[in-house]
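Asker: Provided herewith is a single structure, encoded as structure tokens, for subsequent inquiry.
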Amino acid sequence: MTTTGSAPTPQFTDSRYTTAPARTLSITSFALGLASIVFSWTFLAPIAGLVLGVLALGREPQGRTFAIWGIVLNAVMLAGILIGLLIAVVGFGVGLAFLPLHWAIPNL
């Protein structure tokens, strides 16, 4: 009785070569945090980095340190943006408060 087809090839596994754990999300979050501070990326990059850092905490236990640093750096950048925006709005309001009123009332 003959069989058609080839004999199964043996699978060799070498224990010296192992793959590194996946830390893609956490490293990306960290890189976006650094880049947003260094290059002054203000809004989109810190939000994306913050989301990726939070996702990495749950999915990548080996990249926990990178994920935490990514969350911290992106949160610092977002907080800086919010503080700067608040100062700008308050400054604009104070500037409007000290405008002379002769332009608003015609016969003064």
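Asker: Considering only residues that are modelled with pLDDT of 80 or more and not aliphatic (A, V, I, L, M), look in the range 1-27 and name the one that is least open to solvent (accessible area, probe 1.4 Å).
Answerer: By that ranking, first place goes to Ser26.
Asker: Here's a follow-up. Filter the range 28-66 down to residues that are over 15 Å from Met77 (Cβ atoms) and open to solvent by less than 50 Å² (accessible area, probe 1.4 Å) and give me whichever is modelled with the highest pLDDT.
Answerer: Ala56
Asker: Same structure, new question: All but one of (1) modelled with pLDDT of 95 or more; (2) open to solvent by less than 70 Å² (accessible area, probe 1.4 Å) hold for Leu86; which doesn't?
Answerer: (2)
Asker: Would you mind telling me which numbered condition in (1) open to solvent by 60 Å² or more (accessible area, probe 1.4 Å); (2) in a helix (DSSP H, G or I); (3) modelled with pLDDT under 95 Pro100 fails?
Answerer: Only one criterion is unmet by Pro100, namely (2).
Asker: Could you please find all residues in the range 67-83 being within 17 Å of Ser40 (Cα to Cα) and open to solvent by 70 Å² or more (accessible area, probe 1.4 Å)?
Answerer: If the condition is that a residue be within 17 Å of Ser40 (Cα to Cα) and open to solvent by 70 Å² or more (accessible area, probe 1.4 Å), then Val76, Leu82, Ile83 are the ones that fit.
The values are calculated or read from the model by the stated rules, or taken from the named source; none is laboratory data. From a predicted model like this one, the values you see are computed outputs, not experimental measurements. All Cβ positions, glycine included, derive from the backbone under ideal geometry; neighbour counts span all protein chains shown. Quick note on the areas: whole protein, heavy atoms, side chains included, nothing else; ligands and nucleic acids left out. Shrake-Rupley method; radii C 1.70, N 1.55, O 1.52, S 1.80 Å.
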